[in-house]
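Read the structure below first, then the notes.
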Amino acid sequence: MSVLRRLIPDLPRYSRKEHAASAVGAFVGILATGVISHMAVGAGGWSLPALIAPMGASSVLLFAVPASPLAQPWSIMGGNVVSALIGVAAAQLIPSPFLAAAVAAGLAIAAMIALRCLHPPSGAVALTAVLGGAPVHDLGFGFALWPVAGNSALLLASALAFNALAGRTYPHRPAKPATSRPGAAPSARVGVTDEDLDAALAETGQVLDVGRRDLAELMRRAQLHALGRRAPAASCGDVMSRDVIAVAPGDSLRATAELMRERRLKALPVTDESARVVGIVTQSDMLEKAVWDARGPRLGFGRRMEITAKRLKAPSSRVEDIMTSPVRTLRPESPLSDAAPLLTDDGLHHLPVVDGDGRLAGILAQTDLILALLAARSGPAPRPLEA
């Protein structure tokens with residue numbers, strides 16, 4: 001049994017939805033390609049191939065693993081057409097069909113790698129050009145135009161339409177590249193970068209059927225899940241500051257700045273009459289959106305004109321004139337792993353925590369997250385700091 005298990009690949013698990021979508025997509029794609037191709041060659045045109053077998057292999061990639069680099073539009077179109085041209089040339093120049101097939105397959109792979117259009121079914125296209133018999137040989141280099149390019153375009157069009165209807169992103173858009181530059185997001189600076197992946201893959205000497213950026217993003221998300229696993233009992237409600245001072249949208253900037261100075265606060269949630277969070281005002285808002293003189297903060301001319309044009313009324317140097325709104329919030333039951341990317345990559349330092357009705361329940365600071373991580377290593381959860 002252990003030997004048998006070694007022979008079974010470690011494939012990712014398919015959800016029921018993805019399982020069904022892959023099968024239905026291949027059915028729809030091959031049926032549409034076959035019917036339209038048959039209509040194109042005419043009812044009596046079966047001497048001209050309407051549908052070639054490699055399209056079945058292409059459908060596996062386009063509908064079962066549409067995020068694969070091998071399944072992207074350039075991969076299927078470029079790979080199939082280039083391989084067809086190479087296969088036809090090999091068949092015409094080399095008398096031995098087996099030698100011609102071997103040469104066609106090898107050169108097709110080399111060409112696809114060089115052109116960055118590697119598509120495994122294209123190897124079968126090259127063999128079809130050599131071993132397809134008289135109907136294929138009679139077409140000559142026209143075989144690359146029809147049925148290869150025609151079938152590929154129809155199957156690709158089916159994949160674009162079906163994957164869109166199924167809620168899949170196709171063509172696949174890779175994740176943003178990781179980088180170790182100083183201006184990068186914190187998780188990118190301390191996590192795995194493209195350069196790290198290149199070095200690791202070079203050491204293994206393997207090529208993986210997944211984009212490098214996608215692999216880096218998967219590893220980043222795995223790190224966040226690992227955070228939640230290391231501190232399974234920790235939620236935002238466990239470590240947030242509950243004794244929170246809030247201000248109203250109509251409070252004056254001067255009074256709010258004085259409150260922040262006296263209490264040594266870096267952020268204040270802004271709530272309405274029902275204690276629902278409508279925004280947040282921070283030290284950065286005070287410094288960047290207001291001008292200061294001997295009397296304290298006030299709105300500058302440019303900010304006043306901007307607000308007047310937006311609201312069609314003159315501002316009055318209130319909190320609502322500089323607060324950040326809408327504001328990102330969390331729930332008390334939210335795991336800390338949900339807060340980590342917001343407090344690192346998104347550049348936020350404080351996050352209001354609200355109940356089911358949007359009312360203020362507490363505030364979570366970067367320091368609360370750091371202390372929770374330290375506690376997960378060494379012992380019980382720390383007492384939350386004041387905001």
So if R0 is 45 Å, what FRET efficiency would M39 and L93 give, r being the distance between their Cβ atoms, rounded to the nearest 0.05?
-> 0.85
Evaluate the distance, in nm, between pseudo-label points positioned 7 Å from the Cα of A57 and of I8 along their respective Cα→Cβ axes.
-> 2.6 nm
Please list the non-local residues whose amide H lies under 5 Å from the amide H of S334, H modeled 1.01 Å from N, same-chain partners needing a gap of 5 or more.
-> C236, G237
Using label points projected 7 Å from each Cα along Cα→Cβ, tell me how many nm separate S325 and R263, to one decimal.
-> 1.8 nm
Taking H placed 1.01 Å from N in the peptide plane, check which residues at least 5 places from V278 or on another chain put their amide H under 5 Å from its amide H.
-> V270, T271, D272
Place a point 7 Å from the Cα of L160 in the direction of its beta carbon; the residues of the stretch 48-74 whose amide N falls under 12 Å from it are 73-74
Each label point is 7 Å from the Cα along the Cα-to-Cβ direction; what then is the distance between the points at R168 and V291, in nm?
-> 5.7 nm
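Fully extended, how many nm does the chain gain between D355 and I245 (0.36 nm per residue separation, minus their Cα-Cα distance)?
Extra length from D355 to I245 when fully extended: 38.0 nm.
Every number here is computed from the coordinates shown, using simple stated rules; none is lab data. None of these values were measured; they are calculated from a predicted model. Using ideal geometry, Cβ is built from the backbone for each residue, glycine included, and neighbour counts are taken over all protein chains shown.
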